[in-house]
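Quick one: structure below, then a few questions.
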Amino acid sequence: MRRYCVLLTVLGMLEASTGRAEPRWILTSATGTPYTEQEWRTRTIFSAAEIREVWNRDFYITGFNYGAGEWALVMSKGTGYSAQEWHTRTNFPAAEISDGWRRGFYITSLSHGASYWALVLSKGSGYTEQEWRTRTNFPSAQIRDGWDRGFFITSLTRGAGEWALVMSKGTGYREQAWRTSTNFPPGDFASLRANGYEVTGLSHGAGVWALVMSRGGSVETPAPVSTTTFPIGAINAAWQRGEYVTGLAYGSDAGARIELSRAGGQIIVDWSGIGLLQQTTMVEDPESWTPVLGATNPYLINAPGSNTYFRAVD
């Protein structure tokens, strides 16, 4: 359950506050990947020796994401990669990317966390051409330009105050769509899925979720799974269903705002975005919250004679 907003009514003085939802992990998994085996681990810092140990067992990095103060590393067999390298830099790793391209490597993961960029370059990805852009504002114009020239988004992440966009040829995609939204999933997510679009990218930055969905690839992605702690159980459940992890993202929804107004001797409680209204007179007691039975949005109440707190949850 995600808790969003609390408001306070104090003897006729009305105050409202906004809040962000509790941060959460979003897990995407898929069937139809080439993967045959997978494992994951989380660390505050990964050592070169640990990555080498993974490579020595024929696993390759397929996910490298930051959240809740830790890096989450996903490694897979059956990727088709023939070689891989990774770099961490405080500045955007433009030189490392150029050098990798010169040697036949392409970007297969790019993320930012703990004040540095984490770049993974691989051979054997199937990509035939690649380009990247960084922009302070969301790179919608650059995406359209890339699409016009036959490129598709293969990485979209936020770090160090900029959006970093990677677009590639040779993806197998036919069509692609992107959405940014303060809450996940966006309103037309179900419609996009119904029209054959699969989740091929998700990240969070600058207060928004950035979702990429594509048609024409080989994978089929069920609905993403949301958890407030690292999704160990959800990953295990996906593996049992024959799915493999294709993405991890960490962030929080914008929440909603509760607005108060007066109508004669009553107070109107109006909240946005989420469903169930709860109340308490003892906000310090987390067990004291109770549903406001029969509350519809907006909700009218008589002005209370003591402090009354409300929150909206889903």
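FYI, it's all coordinate maths here, none of it is from the lab. Fair warning: this is a prediction, and the values are worked out from it, not measured in the lab. Counting neighbours? That spans all protein chains shown, and the Cβs are built from the backbone with ideal geometry, glycine included.
Starting from the range 102-138, pick out the trypsin sites (Lys or Arg not before Pro) whose DSSP state is loop and whose Cβ has at most 12 other Cβ atoms within 10 Å.
Within the range 102-138, the qualifying trypsin sites (Lys or Arg not before Pro) (loop, at most 12 other Cβ atoms within 10 Å) are R103.
Right, next: Take the Cα pairs of the range 167-237, get the Kirkwood Rh, then feed it into Stokes-Einstein at 20 °C and 1.002 mPa s and tell me D in µm²/s. Walk me through the intermediate numbers first.
Numbers: Rh = 13.4 Å.
The estimated diffusion coefficient comes to 160 µm²/s.
Could I ask something else about it? Within a Cβ distance under 12 Å of L156, other residues only, what is the Lys/Arg minus Asp/Glu net charge? Walk me through the intermediate numbers first.
Details: positive: R133, R135, R158, R179; negative: E162.
My count for the surroundings of L156 gives +3.
Given labels modelled 7 Å from the Cα in the Cβ direction, how far is it in nm from E37 to S261?
6.3
Given the options A263, A164, A141, state which has the largest fluctuation in a GNM of the chain using a 10 Å cut-off (strictly under) for Cα springs.
Result: A263 has the largest fluctuation of those listed.
State the answer as a single residue: which of W25, G205, L73 lies farthest towards the positive end of the charge dipole of the range 24-251, with beta carbon charges of +1 for Lys and Arg and -1 for Asp and Glu, about the Cα centre.
G205
Then there is this: With an 8 Å Cα cut-off and a minimum separation of 6 or more residues, compute the relative contact order for the chain in percent. All intermediate terms of the calculation are to be shown ahead of the outcome.
Details: 689 pairs, mean separation 79.7, N = 314.
Averaging sequence separation for qualifying contacts and normalising by length gives 25 percent for the chain.
Within 10 Å of each candidate Cβ there may be at most 11 other Cβ atoms; applying that plus a DSSP loop requirement, which trypsin sites (Lys or Arg not before Pro) in the range 138-233 survive?
Values: sites: R144, R149, R158, K169, R174, R179, R193, R215; in loops: R149, R174.
Qualifying residues, ordered by number: R149, R174.
To continue, here is another question. Which residue, chosen from G63, S140, S98, occupies the Cα position most advanced towards the positive end of the dipole of the range 24-251, where the dipole is computed from +1 (Lys, Arg) and -1 (Asp, Glu) charges on Cβ about the Cα centre?
S140
So, one more: Not counting the cut sites, what is the longest span of the chain without GluC sites (Glu not before Pro) that DSSP labels loop and that have at most 16 other Cβ atoms within 10 Å? Don't skip to the answer; put the middle values down first.
Details: sites that count: E284, E287.
Looking at the chain, 1-283 is the longest stretch - no exposed GluC sites (Glu not before Pro) with at most 16 other Cβ atoms within 10 Å.
Would you mind working out the magnitude of the charge dipole of the chain relative to its Cα centre, with +1 at each Lys and Arg C-beta and -1 at each Asp and Glu C-beta, to the nearest 20 Debye? If you can, show how the numbers build up before the last one.
On the way: 27 positive and 28 negative charges, 111 e Å.
For the chain, the charge dipole is close to 540 debye.
Any idea what the dipole of the range 126-259 comes to, in debye rounded to 20, about its Cα centre with Lys/Arg Cβ at +1 and Asp/Glu Cβ at -1?
Working: 12 positive and 12 negative charges, 17 e Å.
The dipole magnitude comes to about 80 debye.
Now, a different point. Tell me the net charge near A238. Cut-off is 14 Å between Cβ atoms, A238 excluded, with +1 for each Lys or Arg and -1 for each Asp or Glu. Walk me through the numbers before you get to the answer.
Details: positive: R241; negative: E37, E39, E220, E243.
Here the charged neighbours net out to -3.
How far, in nm, would the chain grow between A160 and R241 when pulled straight, counting 0.36 nm per residue and subtracting the alpha carbon separation? Display every interim value, and only then the final one.
Details: separation 81, 0.36 × 81 = 29.16 nm, distance 3.73 nm.
That works out to 25.4 nm of additional length.
While we're on this one: Tally Lys and Arg at +1 and Asp and Glu at -1 over the other residues with C-beta under 12 Å from the C-beta of S29: what net charge comes out? If you can, show how the numbers build up before the last one.
On the way: positive: R241; negative: E198, E220, E243.
Summing Lys/Arg as +1 and Asp/Glu as -1 gives -2.
Spelling out what I want: for every residue of the range 167-181, take phi, set θ = phi - 60°, compute 6.51 cos²θ - 1.76 cosθ + 1.60 (Karplus), and round to whole Hz; glycine and proline get x.
Working through the residues one at a time gives 10, 9, 9, x, 7, x, 6, 9, 9, 8, 9, 10, 9, 10, 8 Hz.
Please give the Cα centre distance for the range 155-176 versus the range 82-136, rounded to the nearest Å.
12
Among L211, L202, L300, which one moves the most in a GNM of the chain with springs linking Cα atoms closer than 10 Å?
L300
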